[in-house]
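The structure appears below as structure tokens.
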Amino acid sequence: VQLQACGGGLVQAGGSLRLSCAASGSNFRINIMGWYRQAPGKQRELVAHITSGGGPNYGDSVKGRFTISRDNAKNTVYLQMNSLKPEDTAVYYCNLFTLSRREYWGQGTLVTVSS
């Protein structure tokens, strides 16, 4: 399974960005798909993930500002990020858990929020 993420970039505080991550490959079924992030000097943390049944889960720091959604037909997950803050600056990693309990990571996309 390969994960292709895109949509990162530079934005001013208060702005918005949309990340997308598409999964490709053969013989896999998605269970949970989502995003983690890692800022310099910090541990990787959950941003948001969404289950196969559609239930989202968000990290406390992004609740009310970020929205995760999923297109099952395209094996793609989206992260709409609004009201961005400088502390949202990080490398964002797409993450996938399959029904067979295998985990995959994307290559990471950098989000930089300027103050």
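Where a number appears in this text, it was derived from the coordinates with a stated rule and is not lab data. Worth saying up front: this structure is predicted, and the values here are computed from it rather than measured. Neighbour counts are summed over all protein chains in view; Cβ atoms, including those assigned to glycine, are modelled from backbone coordinates with ideal geometry.
Figures for the structure shown
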| quantity | calculated |
| --- | --- |
| Along each principal axis, Cα extent of segment 48-115, largest first, Å | 42, 24, 21 |
| Cα-based reach from K85 at 18 Å (exclusive), listing lysines while leaving out same-chain residues under 8 positions away | K42, K63 |
| Positive-end residue, segment 1-106 charge dipole about Cα centroid, Cβ charges, pick of G55, F66, C94 | G55 |
| Alpha-carbon spread of the chain, three principal axes, descending order, Å | 44, 24, 22 |
| Test item: Cα-centred dipole of the chain, Lys/Arg +1 and Asp/Glu -1 on Cβ, debye | 180 |
